[in-house]
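Notes follow the structure.
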Amino acid sequence: MNKFLYDRVKNSARYCRNTQLRMKINLFLEVLSGTKVKVACEKFGVSRASYYRWFKRFQKCDFDLKSLQNKSRKPKQCPHQKNQYITHLVKRYRINYRYGPKQPIQNYSNLKISIQV
C-alpha cells in the first residue's frame, strides 16, 4: 500500500457530495488499501477497464475531483450537418408552402436540397 497516495486520494475527496464521485473515490481507496483490483471492482459493480481509465485520468489531473466527472460523448462536430442558412430556408419554405418531408424541394434559391433536410 502506498500511504502517500492513499492520503492524497482521501484528502481530495474530503468534501465531495456527489454520489458517483464518492463511489469512485471509495473504489480507489479500497484498492489502495491493499484489496485486489478485481475483487474491489466486483464489489462496486465496475469493470476493471473503467477503474483503470478513471484512475489514470485522476492521476493525470493531479487528483482533482473534476477529472472524475462523466465526460460528454457528444461529437464535437458532425460531418453530415447542413448549413444553418439552408436549414432555415427549408423550414421557412415548408411552413409557407406546406411542403412535408416526403415532397421534394427543388430549385429554391438555386440550391439543390435533398428530401432528408
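Taken together, the values in this text are just the output of simple stated rules run on the coordinates, not laboratory data. Not measured: the values here are computed from a predicted model. Ideal geometry is used to build each Cβ from the backbone, glycine not excepted, and the neighbour counts take in all protein chains shown.
Net charge in the neighbourhood of residue 66 (other residues with Cβ under 13 Å of its Cβ; Lys, Arg +1, Asp, Glu -1) is +2.
Cα centroid separation, the stretch 36-71 to the stretch 12-35: 9 Å. Ranking of 14, 8 by neighbouring Cβ atoms within 10 Å, starting from the fewest: 14, 8. Between residue 77 and residue 7, full extension at 0.36 nm per residue minus the direct alpha carbon distance yields a gain of 21.1 nm. Between residue 87 and residue 59, the contour length at 0.36 nm per residue exceeds the Cα-Cα span by 5.6 nm.
For the listed residue pairs 38/74; 24/56; 10/43; 10/76; 3/38; 36/74, the alpha carbons are over 23 angstrom apart in 38/74; 10/76; 36/74.
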